[in-house]
1. Looking at (1) within 26 Å of H102 (Cβ to Cβ); (2) free of Cβ contacts under 8 Å to residues at least 12 places away in the same chain; (3) assigned to a loop (DSSP other than H, G, I, E, B), which is the one condition that is false for P60?
2. Looking only at the range 55-101, how many residues end up being more than 17 Å from the chain's Cα centre (by Cα), open to solvent by less than 20 Å² (accessible area, probe 1.4 Å) and under 24 Å from T116 (Cβ atoms)?
3. Looking only at the range 91-106, filter to residues that are in contact (Cβ under 8 Å) with a residue 40 or more places away in the chain and hydrophobic (A, V, I, L, M, F, W, C); which one of those is nearest to I36 (Cα to Cα)?
4. Tell me which residues, restricted to the range 87-121, are of a type in the set (S, T, Y) and part of a helix (DSSP H, G or I).
5. Is one or more of the residues making up the range 40-54 aliphatic (A, V, I, L, M) and open to solvent by 30 Å² or more (accessible area, probe 1.4 Å)?
Amino acid sequence: MRRLVVLLLLLAGCSRHEGPVDGATVFKPCASCHQIGPNAHGGFGPQLNGLFGRRAGSTPDFKYSDAMKAAGIVWNEHTLAAYLRDPDKMVPGTKMRFWGIHDEQEMAALLAYLRTFQDAH
């Protein structure tokens with residue numbers, strides 16, 4: 001029993017992240033559907049260049065759900081974070097199937113990473 005208590009105390013002090021979180025690493029699972037960077041285009045998901053300030057459902061090279069086209073969202077750090085936490089809650093009827101990002105460090109790193117592609121073509 002004592003070993004269990006010691007183990008639980010050690011695990012309680014462990015952080016999921018031992019250092020800075022890398023946005024490119026957080027983005028890797030997203031890359032199975034979304035492209036980013038020079039020459040990115042829509043595929044299984046829309047391309048994510050120039051995302052901040054863009055109206056949801058507006059890139060011409062991706063077929064969005066009617067729900068996304070009608071959502072009226074303009075992407076910024078707040079709206080994107082809310083969407084990435086729970087896509088179905090923010091846009092019921094979205095085609096995006098994703099469990100969500102719930103770790104705030106990962107979210108911040110991902111948003112910062114996406115911001116670096118604001119001017120990519």
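The values are calculated or read from the model by the stated rules, or taken from the named source; none is laboratory data. Since the structure is predicted, the reported quantities are computational estimates derived from the model, not experimental observations. Reconstructed Cβ throughout: ideal geometry from the backbone, glycine too, with neighbour counts over all protein chains shown. Note: areas computed on protein heavy atoms with side chains; ligands, DNA, RNA excluded. Shrake-Rupley method; radii C 1.70, N 1.55, O 1.52, S 1.80 Å.
1. (1)
2. Within the range 55-101, residues that are more than 17 Å from the chain's Cα centre (by Cα), open to solvent by less than 20 Å² (accessible area, probe 1.4 Å) and under 24 Å from T116 (Cβ atoms) number 1.
3. M96
4. Hit for the range 87-121 is Y113, nothing else.
5. no
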